[in-house]
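This report refers to the structure that appears directly beneath it.
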Amino acid sequence: MSEPSLSKVGPESAGDRAAMAAAYDQYHLPIYRYIFRQVGEVETARDLAAETFRHLLTAAKQGHGPHDNLKAWLYQTAHHLVIDYYRRQKHRNHLPLAEDMIDLGDDPVRSAEGHLTAGQVRAALRCLTHEQQQVIVLKYLEGLSNAEVAEITGKPVGAVKSLQHRALVALRTELTRKEEKVFL
């Protein structure tokens with residue numbers, strides 16, 4: 001699927017609205033998922049995804065929108081919004097219950113263990129630097145290639161690989177530490 005062109009988006013023409021609608025249709029769900037995987041709250045992820053596209057509309061109306069890579073621009077904007085969200089939430093030190101993820105299937109114990117593990121991973125991710133979090137989420141949760149992650153983050157592929165390696169080591173250390181606390 002080709003990327004919508006927003007080079008001349010403004011508030012007046014039907015073509016501009018069509019380009020914005022195409023951008024929203026193509027990228028809303030991936031951006032929402034990217035944000036949700038970092039914040040773990042449906043409503044917060046919805047709000048931040050909407051804010052990402054509001055920034056796009058505002059930037060496009062002012063002529064400052066993305067001209068080369070809309071996808072990278074949207075992920076960068078979403079990433080900055082997530083960072084801002086956590087800066088505002090610093091005083092909160094608890095993990096929210098993701099109600100939409102509760103599975104009342106055949107084995108509630110296994111389901112609870114799966115959600116606990118997801119919560120532990122999300123908490124461990126928060127121990128990483130913002131750059132490391134971004135690389136891990138884009139690479140492993142969004143399934144992007146190192147080249148795509150490099151384009152989104154504005155870093156060389158080698159730097160992305162280095163961040164990825166350091167992040168995985170830090171995650172392993174953090175998860176092992178938390179697991180050891182459980183068994184003590």
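For the reader, a short list of remarks on this structure follows.
- Whole-Hz Karplus values for region 50-55 come out as 4, 5, 4, 6, 5, 4 Hz, taken residue by residue from phi with 6.51 cos²θ - 1.76 cosθ + 1.60 and θ = phi - 60°; glycine and proline positions read x.
- Under 5 Å, built H, 5+ apart or other chain: amide partners of Leu128: none
No lab work stands behind these numbers, since they all come straight from the coordinates. Since the model is a prediction, treat every value here as computed from it, not as a measurement.
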